[in-house]
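A.B. asks: Can you read through this structure? Questions will come right after.
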Amino acid sequence: MIALDAEMTGIEKGDFWRDMFSRLSDRSDRHFLVAEDPKGGATRGYIVGEVRAYEFGSEPCGWVIAIGVDPRFRVRRTGEQLFGAMCECLRIDGVATVRTMVAREDRLDMAFFRAQGMMAGPFIELEKPLD
Amino acid sequence: MKLQKATLFGLYSVLELARDPSRQLSAIDIAERYGISANHLAKVLRDLGRAGLVEAARGAGGGYRFIGNARRTTLLDVVRVFEDFGEEKASGEPGGDTDIGAALDLVLSEIDDIARATLGSVTLNTLLKTMQWRDERSQRLKAKETA
């Protein structure tokens, strides 16, 4: 999965992923799902999600923190199946909404999440340079 | 945000035709459905035809049908047939070179960026699917209420 992410983003983030995986295993409402090639077991995609409660005054809600599909295996509904499986996990955890955050310029991911029925939510991300 | 009339009519037409690409509808059919001017719509449909999104069918049963790719065509693609959507900043606006003008421009650019990202990420197929989901969801909620 680290290799797949590095291939897609151009940055190897081994420590980040190992840390995320170890933190996710602490709680039952954090989920780390992978799509494997049925023939060889190689990882073709992944999705990470969790329930977050009362951040910024929000009711408990599901968050998709990361998603990725091997570019050679796209347009085969792998992302859609991963997203659907994550929504089911979060629904079982008892939340009624799922959120994520996407860069404005990231047309690919933005279009993917829109195609899953996601729309702008009630929060807006704000930021300020600190230099 | 407010779109120009032609843009809105273009979106209505493309979405109505993309809903069932095998179906042909005349300008009058679409105009009646949306309560808009058939004359204005005829010009809009010609523009959509030139953009390769719809095709006019000849003959007695003629009309327009959708010939684009609903999974690839975004709302922004349709909007751009009719208007420049915040692509070029208007240069030389009165007051634009003042400190307040520049600060105001930052905020207005932020709004444009969000609108562009939103329209550019929603394909015709996604919008049509979203309509279906919303209908199904509201029916589920209604059924729950009455149960």
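FYI, it's all coordinate maths here, none of it is from the lab. Treat the numbers as computed from the prediction; the structure is a model and nothing was measured. Don't worry about glycine lacking a Cβ; one is built from the backbone with ideal geometry, like all the others, and counts go over all protein chains shown.
A.B. asks: Quick one: in the range B:101-133, of everything that is part of a helix (DSSP H, G or I) and among the β-branched types (Val, Ile, Thr), which residue is surrounded by the fewest Cβ atoms within 10 Å (Cβ to Cβ)?
C.D. replies: First, the residues of the range B:101-133 that are part of a helix (DSSP H, G or I): B:101-121, B:124-133.
Retained after the next criterion (residues that are among the β-branched types (Val, Ile, Thr)): B:107, B:111, B:114, B:118, B:126, B:130.
On the way: B:Val107: 9, B:Ile111: 11, B:Ile114: 14, B:Thr118: 18, B:Thr126: 22, B:Thr130: 17.
Ranking the qualifying residues of the range B:101-133, first place goes to B:Val107.
A.B. asks: Another question, then. I'd like the full set of residues that are farther than 20 Å from B:Gly120 by Cβ and either within 13 Å of chain B (Cβ to nearest Cβ) or of a type in the set (Lys, Arg) (or both), limited to the range A:85-118. Steps first, answer last, please.
C.D. replies: Filtering the range A:85-118 down to residues farther than 20 Å from B:Gly120 by Cβ leaves A:85-99.
Listed by number, the residues that qualify are A:Cys87, A:Arg91, A:Ala96, A:Thr97, A:Arg99.
A.B. asks: Search the range A:5-33 for residues being in a strand (DSSP E or B) and touching a residue at least 40 places away in the same chain (Cβ under 8 Å), and hand back the single one that is surrounded by the most Cβ atoms within 10 Å (Cβ to Cβ). Break it down into steps so the answer makes sense when it comes.
C.D. replies: So the first thing to find is which residues in the range A:5-33 are in a strand (DSSP E or B), and the list is A:30-33.
Then drop every residue that is not touching a residue at least 40 places away in the same chain (Cβ under 8 Å), which leaves A:31, A:33.
Values: A:His31: 22, A:Leu33: 16.
Restricting to residues being in a strand (DSSP E or B) and touching a residue at least 40 places away in the same chain (Cβ under 8 Å), the top hit is A:His31.
A.B. asks: For the range B:14-28, enumerate the residues that are touching a strand residue (DSSP E or B) at 6+ places or on another chain (Cβ under 7 Å), part of a helix (DSSP H, G or I) and either without any contact (Cβ under 8 Å) to a residue 24 or more places away in the chain or farther than 9 Å from B:Tyr64 by Cβ (or both).
C.D. replies: Result: B:Val14, B:Glu16, B:Ala18.
A.B. asks: Here's something else I'd like to know. Select from the range B:118-147 the residues that are touching a strand residue (DSSP E or B) at 6+ places or on another chain (Cβ under 9 Å), within 9 Å of chain A (Cβ to nearest Cβ) and touching a residue at least 40 places away in the same chain (Cβ under 8 Å) and write down the one among them that is farthest from A:Met101 (Cα to Cα).
C.D. replies: Per the stated criteria, the residue is B:Thr123.
A.B. asks: In addition: May I ask you to verify whether B:Val79 is among the aliphatic types (A, V, I, L, M) and either crowded, with 16+ Cβ neighbours inside 10 Å or under 15 Å from the mean Cα position of the chain (by Cα) (or both)?
C.D. replies: Values: among the aliphatic types (A, V, I, L, M): yes; either crowded, with 16+ Cβ neighbours inside 10 Å or under 15 Å from the mean Cα position of the chain (by Cα) (or both): yes.
Spelling it out, B:Val79 is indeed among the aliphatic types (A, V, I, L, M) and either crowded, with 16+ Cβ neighbours inside 10 Å or under 15 Å from the mean Cα position of the chain (by Cα) (or both).
Listed here are the residues, each with its yes/no results for (1) part of a loop (DSSP other than H, G, I, E, B); (2) surrounded by 13 or more Cβ atoms within 10 Å (Cβ to Cβ).
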| residue | (1), (2) |
| --- | --- |
| A:Glu88 | no, no |
| A:Arg91 | no, no |
| A:Ala96 | yes, no |
| A:Met110 | no, yes |
| A:Arg114 | no, yes |
| A:Met118 | yes, yes |
| A:Gly121 | yes, yes |
| A:Ile124 | yes, no |
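A.B. asks: Something else: Residues being part of a helix (DSSP H, G or I), of a type in the set (A, V, I, L, M, F, W, C) and in contact with a Gly (Cβ under 9 Å, 6 or more places away or on another chain): count how many of those fall in the range A:48-82. Even if it seems obvious, please write down each step before you answer.
C.D. replies: Taking the range A:48-82 first, the residues part of a helix (DSSP H, G or I) are A:55-57, A:71-73, A:78-82.
Still in the running and of a type in the set (A, V, I, L, M, F, W, C): A:56, A:73, A:82.
Filter again for in contact with a Gly (Cβ under 9 Å, 6 or more places away or on another chain), leaving A:73, A:82.
Residues in the range A:48-82 being part of a helix (DSSP H, G or I), of a type in the set (A, V, I, L, M, F, W, C) and in contact with a Gly (Cβ under 9 Å, 6 or more places away or on another chain): 2 in total.
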